[in-house]
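Taking it in order: structure first as structure tokens, then the write-up.
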Amino acid sequence: MPTDPPACFLHPDETLLWSGQPRPSAFILRGLPNIVYGVTWSVLGAYWYHGARLAPWEGWWQIVPYLSFPFILAGFSFWLYPIRLGMQARRTWYVVTNQRIFIAERNAHAETQLRTFTAEEMAAPQVVKRIDHLYDVILTRRAQDTPHLKPRLDSGFFGLTDGEAAAGAVNESTNP
């Protein structure tokens, strides 16, 4: 991977106005509520396994305790979700050029996914200061029109140290 990842995503006639990476802590905090689900599923699965092992099953019914394993594994999956989000943040770049605005995410298999924002879905950037002194820049109309819902991670730039600079670059890109 090049030392300056945004440069490898640019077309020959594009100039870079702004680029940044999210702080992993912002992504991890978004995934923390899933730990509650993880505890619930894991405990219920373990309870089922324990209770089913105590029952006097005979014949093929002896597999009943093992049917709890998918629930236990689903619980562990919920437990690991915040960690996976933090790893995703390390592979994500937010890029604003003179022609387009996009999120580039490099997968574990070295494939790159680009999430390009179109003019139809974008609104004026909304900068939100978080309690942890990081900024979120919400770009899509859909996320701005539903303030009671938490915007999805592909709705803008999240966990930035300088949200005003990102919003300024977005404004410069959309209003040449």
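Please find, within region 69-94, the residue that is surrounded by the fewest Cβ atoms within 10 Å (Cβ to Cβ) out of those that are hydroxyl-bearing (S, T, Y) and within 11 Å of the chain's Cα centre (by Cα). Once the filter is applied, the top-ranked residue is Y81. Residues in region 115-142 that are surrounded by fewer than 11 Cβ atoms within 10 Å (Cβ to Cβ), within 11 Å of I101 (Cβ to Cβ) and of a type in the set (A, V, I, L, M, F, W, C): A119 alone. Candidates are the residues of region 47-100 that are touching a residue at least 24 places away in the same chain (Cβ under 8 Å) and part of a loop (DSSP other than H, G, I, E, B); the one that is nearest to N34 (Cα to Cα) is R100.
Would you point out which residue out of T97, T112 is modelled with pLDDT under 90 and surrounded by 13 or more Cβ atoms within 10 Å (Cβ to Cβ)? Quick ask: steps written out before the conclusion?
Numbers: T97 fails: modelled with pLDDT under 90.
Of the residues listed, the single one that is modelled with pLDDT under 90 and surrounded by 13 or more Cβ atoms within 10 Å (Cβ to Cβ) is T112.
Does S19 meet the test of being in contact with a Pro (Cβ under 6 Å, 6 or more places away or on another chain), modelled with pLDDT of 90 or more and surrounded by 19 or more Cβ atoms within 10 Å (Cβ to Cβ)? Let's see the steps before the verdict.
On the way: in contact with a Pro (Cβ under 6 Å, 6 or more places away or on another chain): yes; modelled with pLDDT of 90 or more: yes; surrounded by 19 or more Cβ atoms within 10 Å (Cβ to Cβ): yes.
Yes: the conditions hold for S19.
The values are calculated or read from the model by the stated rules, or taken from the named source; none is laboratory data. Computed from a prediction, not measured in an experiment: that's the story for all the values here. Counting neighbours? That spans all protein chains shown, and the Cβs are built from the backbone with ideal geometry, glycine included.
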